[in-house]
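Colleague: Take a look at this one; I'll ask things after.
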Amino acid sequence: MDKPAMEPLKVKEKIAYGAGDFSCSMLWNTLMLFLANFYTDTYGLSPALTGIFYAVVLILSAFIDVGTGMMADRTQSRWGRYRPYLLYMAIPFGLCAAMLFYTPPFPEGFKRLYALVSFLLMMTAYSFVNVPYSSLSSALSADPVERTGLMGYRFAGAYSGGLLVQIMMLPLVKLLGGEDRQAGYFYTMILLGMVTATGILIAFRYTRERTLPLHTQSMKEDLKDLLHNKPWLLLFTISFIFLFSLTFRNIILKYYFDYYVSFKNITLPLIHLQWPALPAFYATGTLSILVSVMLTPAMAKKTGKKKLFLGASLLTVFSLSAFYFLKPSQLQWMFFLQAVYSFFSGPIIPLLWSMYTDAIDYAEWRHGRRATGLLISASLFANKNGFALGSLVTLMLLSMAGYQPNSVQTPGTIHALKLIVSLLPAGGTLAIFFLMHFYQLNESVMNRIKKSLCDRRKSG
């Protein structure tokens, strides 16, 4: 029986792995940043119904994640456990993305049904791609330090994909659809769907799973191990709270710029080109995140993951809170704070995913069994439910504040936009800062676990 590889991964394989999250992140960003506004201001759904759709679909999708993870752990093929899903689901994934932003010429009731079904199909395809993809990282290397470096490439790909969507989505909608926003969104998503499928296939083609022990335990044993994995349970809670609070800001920014910010366009420096302010704002944040993500492995190696997480989350709280005090005309300060907030928050998600892989090693060390797909999918369960509840609460707050699409908003609605974009996500980030103090898998502990697992595999 082969043991998981401990040698350093080649840069080519790391880049290929990052291409997978480039694709996943493009579609995740459309859901986080544009779908809610598309539903309320273009498709014609109410904010309350949109929030309900988000909650229903994402909660169902979270359960699909767990089932997918259990199934992937038991998959055997010539391509490994996780890579076959990338091969077979890449094209359906891209097609579902395009159909999600299609507006059918149906009566109102059937339009609502189409929106719900297409959203559910999209998230089901996302589960069958993203769960095996995320689980794949643990099969590429058994070295915790190497996996932390791999997360840097993964999230560099993720934020690059997000950057592409953030910069190009709205200009492409305008370019391809003109005044017809429904057609513009659909044609844009056809293009993004093609790019998405290509990135997933690259991740399949140029990565290689190192052989892991055959998974023979029952699903009941898997779940029992999961519920006794204290580090994972803590990370699960932190992920849920962080995604819940992050969703407030991501969903509301389009509304914030449409109805609060005074300037709708900016002049790009050097090239003196007029560009919509919101895509430029997104790009500022994502470029700042990219810098911090690329620095994360080196900073984590120097300070340790836990200390870096604590510092990053606390500084994120302060920079988010400052947004509440900005006036509609203070566009330069908005861009400055976006860059600062993004730089400080950038390491949080890569560190969480690196810690999740440590929790997988901890489970194998303690119980003698490894259920990578289940632990990763259950981690995504936290993210999806945080996204679901955050979306529901955000859109319900918007509805309660009296939001009316394509109209001048009341002072109460404007105040709600300011709160949702700043103080509410700051509160959630402060909560995860305190929770991380209880995390115990530091570098010293993981080095002992790594050595023990290596000795065990050699003797096995």
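The values are calculated or read from the model by the stated rules, or taken from the named source; none is laboratory data. Computed from a predicted model, the values in this text were never measured in an experiment. Backbone-built Cβ (ideal geometry, glycine too); neighbour counts: all protein chains shown.
Colleague: Which one is nearest to residue 133 (Cα to Cα) among residues in the range 83-105 that are aromatic (Phe, Trp, Tyr) and surrounded by fewer than 21 Cβ atoms within 10 Å (Cβ to Cβ)?
Modeller: Going residue by residue through the range 83-105, those that are aromatic (Phe, Trp, Tyr) are 85, 88, 93, 101-102.
Those still in the list that are surrounded by fewer than 21 Cβ atoms within 10 Å (Cβ to Cβ) too: 88, 102.
Values: 88: 12, 102: 27 Å.
Per the stated criteria, the residue is 88.
Colleague: Test residue 247 against the stated conditions and say whether it is assigned to a helix (DSSP H, G or I) and within 20 Å of residue 441 (Cβ to Cβ). It would help to see each step written out before you state the result.
Modeller: Details: assigned to a helix (DSSP H, G or I): yes; within 20 Å of residue 441 (Cβ to Cβ): no.
Taking the combined requirement at face value, the residue does not satisfy it.
Colleague: While we're here: Looking at (1) closer than 30 Å to residue 319 by Cβ; (2) surrounded by fewer than 23 Cβ atoms within 10 Å (Cβ to Cβ); (3) at pLDDT below 95; (4) not aromatic (Phe, Trp, Tyr), which is the one condition that is false for residue 419?
Modeller: (3)
Colleague: Give the number of residues within the range 106-119 that are surrounded by 15 or more Cβ atoms within 10 Å (Cβ to Cβ) and not in a helix (DSSP H, G or I).
Modeller: Residues meeting the conditions: 0.
Colleague: Let me ask something else about it. Specify which of the listed residues (241, 202, 251) is among the aliphatic types (A, V, I, L, M) and either at pLDDT below 80 or buried (at least 22 other Cβ atoms within 10 Å of the Cβ) (or both).
Modeller: Working: 241 fails: either at pLDDT below 80 or buried (at least 22 other Cβ atoms within 10 Å of the Cβ) (or both); 202 fails: either at pLDDT below 80 or buried (at least 22 other Cβ atoms within 10 Å of the Cβ) (or both).
Step by step, each of 241, 202, 251 is checked, and only 251 is among the aliphatic types (A, V, I, L, M) and either at pLDDT below 80 or buried (at least 22 other Cβ atoms within 10 Å of the Cβ) (or both).
Colleague: Out of all the residues in the range 402-416, which are surrounded by 19 or more Cβ atoms within 10 Å (Cβ to Cβ) and in contact with a Ser or Thr (Cβ under 7 Å, 6 or more places away or on another chain)?
Modeller: Hit for the range 402-416 is 403, nothing else.
Colleague: I've got another one for you. Going through 166, 182 one at a time, which residue ends up being over 30 Å from residue 355 (Cβ atoms) and either in contact (Cβ under 8 Å) with a residue 24 or more places away in the chain or buried (at least 18 other Cβ atoms within 10 Å of the Cβ) (or both)?
Modeller: Working: 166 fails: over 30 Å from residue 355 (Cβ atoms).
None of the others qualify; the one that does is 182.
Colleague: Output the residues belonging to the range 379-394 that are among the hydrophobic types (A, V, I, L, M, F, W, C) and touching a Phe, Trp or Tyr at 6+ places or on another chain (Cβ under 7 Å).
Modeller: Kept after step one, since they are among the hydrophobic types (A, V, I, L, M, F, W, C), are these residues of the range 379-394: 380-382, 387-389, 392-393.
Residues satisfying the conditions are 382, 388, 389, 392.
Colleague: If I ask for residues that are within 21 Å of the chain's Cα centre (by Cα) and surrounded by fewer than 21 Cβ atoms within 10 Å (Cβ to Cβ), which ones from the range 318-348 would you list?
Modeller: Passing the criteria: 339, 340.
Colleague: Could you run through the range 300-309 and say how many residues are surrounded by fewer than 18 Cβ atoms within 10 Å (Cβ to Cβ) and touching a residue at least 24 places away in the same chain (Cβ under 8 Å)? Break it down into steps so the answer makes sense when it comes.
Modeller: Going residue by residue through the range 300-309, those that are surrounded by fewer than 18 Cβ atoms within 10 Å (Cβ to Cβ) are 301-304, 307.
Okay, now just the ones that are also touching a residue at least 24 places away in the same chain (Cβ under 8 Å), so 301, 304.
Total meeting the criteria: 2.
Colleague: Residue 312 - would you say it is crowded, with 21+ Cβ neighbours inside 10 Å, among the small types (Gly, Ala, Ser) and under 30 Å from residue 415 (Cβ atoms)? Steps first, please.
Modeller: Values: crowded, with 21+ Cβ neighbours inside 10 Å: yes; among the small types (Gly, Ala, Ser): yes; under 30 Å from residue 415 (Cβ atoms): yes.
Criteria met by residue 312.
Colleague: Evaluate the following for residue 357: is it β-branched (Val, Ile, Thr), modelled with pLDDT of 85 or more and surrounded by 23 or more Cβ atoms within 10 Å (Cβ to Cβ)? Don't jump to the end; show me each part of the working.
Modeller: On the way: β-branched (Val, Ile, Thr): yes; modelled with pLDDT of 85 or more: no; surrounded by 23 or more Cβ atoms within 10 Å (Cβ to Cβ): yes.
When the stated conditions are applied, residue 357 does not pass them.
Colleague: Among the numbered conditions (1) surrounded by fewer than 17 Cβ atoms within 10 Å (Cβ to Cβ); (2) touching a His at 6+ places or on another chain (Cβ under 7 Å), tell me where residue 73 comes up short.
Modeller: Here residue 73 clears every test but (1).
Colleague: Another question, if that's okay. What pairs can you find where one residue is in the range 97-125 and under 18 Å from residue 193 (Cα atoms), the other is crowded, with 20+ Cβ neighbours inside 10 Å and among the basic types (Lys, Arg), and their Cβ atoms are less than 9 Å apart, with a gap of 6+ or different chains?
Modeller: 123/384
Colleague: Identify, please: which residue in the range 366-416 is part of a loop (DSSP other than H, G, I, E, B) and β-branched (Val, Ile, Thr) and is, among those, modelled with the lowest pLDDT?
Modeller: Kept after step one, since they are part of a loop (DSSP other than H, G, I, E, B), are these residues of the range 366-416: 368-371, 401-410.
Subsequent filtering for residues that are β-branched (Val, Ile, Thr) retains 408, 410.
On the way: 408: 89, 410: 94.
By that ranking, first place goes to 408.
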